[in-house]
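Novice: Pasting in a structure now, in structure tokens, and then I'll have a few things to ask.
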Amino acid sequence: MSDAGFIDTFTVAIEGFSAFERQALASFFRLAARRSPAFRQVDEPGMADFLIADADHAASVAAVRRGQRVEDTVFIGAAAPEGAAAWLPRPIDPVHVMRALDELVELRLSAPEPPSAMMDLDPMEVDTLRGGLDDLPQRREPPAPAAEAAPAPAAAPAASRPRGGGGREVLLVEDSPIARQFLKQCLQHLGYRVIECASGEAALELLSRRTFEMVFLDVVLGPPGSIDGLQLCQRLKQRGAQRAGLRTVVVMVTGLDGATDRVRGSLAGCDAYLTKPLHESEFIATLLQVDPAFEWQADTATAA
């Protein structure tokens, strides 16, 4: 399955279907690799984030059930199998398939984080599970009388944790609910507090009342005639030029990746131009460059 983190690319495997239908779906996924969230086809269902299964093929439905993947599957056929979260009738429509996959992604993103199994354990048992003690719980000695208690040793300094954005508020402007949710999770993961707007007009109204040190913008922010990300970036930079000491860092995050698109972003005054699908390493490198207060260190595996 896809790596942990906030890479907005999901893998999809196909179960069943005729050779013609499989070829059509494969062509569709080659085109879908350039959107956000992106979907990439893999051959092994067990390694896929989501499945597309032939609901009219009993063996395919049985394989999905054996793998306990019903809730991760878009079924296509005459009827939806029991428990299916997504179903479409034939003929296969690539646009409808994409919408169904988007809905499965949204369901996954909106699911609450499961509580940690360690929350119900006392500190001794937690340390045991983490390998800090022997396999068996150690016996606890009764506390010594206060008069005889030895001075407590100085507490060891806490292990340093990545500070990231330090809890500072940033503005995110993105018209796609799913892409907005992805970017929000990205930024929260990196230590920022996120204020959201779904349009350029809403962002301008908010910016008329308050300021942000950093703003993340898509270029396309609605139907033709709407205020787009380039216009919003220009206004932010003009406002900064008119007010001494006011500087807003603007990071464009868009699916427009042509050379002309990048030039337009530069002319609008953006500080960084990132394209979708967004990858964590590139995003962190950009933040280290444009946000002087951003601190981050990669997790390093400790040898046993």
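Values quoted throughout were computed directly from the atomic coordinates according to the rules given, and no laboratory measurement underlies them. Because the structure is predicted, anything quoted here is derived from the model rather than measured. Here the Cβ positions follow ideal geometry from the backbone for every residue, glycine too, while neighbour counts run over all protein chains shown.
Novice: Rounded, prolate or oblate: which one fits region 41-90, using the alpha carbon gyration tensor with axes a ≥ b ≥ c (rounded when a/c is under 1.5, else prolate when a/b beats b/c, else oblate)?
Specialist: Note, shape of region 41-90 comes out prolate.
Novice: Another question, then. Over region 228-289, what is the relative contact order in percent, taking alpha-carbon pairs closer than 8 angstrom and at least six residues apart?
Specialist: 33 percent
Novice: Oh, and also: Translational D (Stokes-Einstein, µm²/s) of region 223-265 at 4 °C and 1.567 mPa s when Rh comes from the Kirkwood sum over C-alpha pairs?
Specialist: Numbers: Rh = 11.8 Å.
Approximately 110 µm²/s, per Stokes-Einstein.
Novice: Still on this structure, I have one more. At what distance in nm do the modelled label points of residue 293 and residue 66 sit from each other, each positioned 7 Å from its Cα along Cα→Cβ?
Specialist: Those two pseudo-labels are separated by 5.6 nm.
Novice: Ignoring solvent entirely, what values of log10 I(q)/I(0) come out of the Debye formula for region 198-304 at 0.15, 0.21 Å⁻¹ when each Cα is a single scatterer?
Specialist: Values returned for q = 0.15, 0.21 Å⁻¹ are -0.67, -1.20.
Novice: At 0.36 nm per residue, and after removing the present C-alpha to C-alpha distance, how many nm does the segment from residue 257 to residue 226 gain when stretched out fully?
Specialist: Once the chain is fully extended between residue 257 and residue 226, it gains 9.1 nm.
Novice: What nm distance separates the two modelled labels at residue 204 and residue 169, each placed 7 Å from Cα along Cα→Cβ?
Specialist: So the label points at residue 204 and residue 169 sit 2.2 nm apart.
Novice: Another question, then. Each label point is 7 Å from the Cα along the Cα-to-Cβ direction; what then is the distance between the points at residue 107 and residue 20, in nm?
Specialist: Reported label-point gap for residue 107 and residue 20 is 3.0 nm.
Novice: While we're on this one: Let me check against my output: what whole-number percent is the relative contact order of region 169-290, with C-alpha pairs under 8 Å and at least 6 apart?
Specialist: 21 percent
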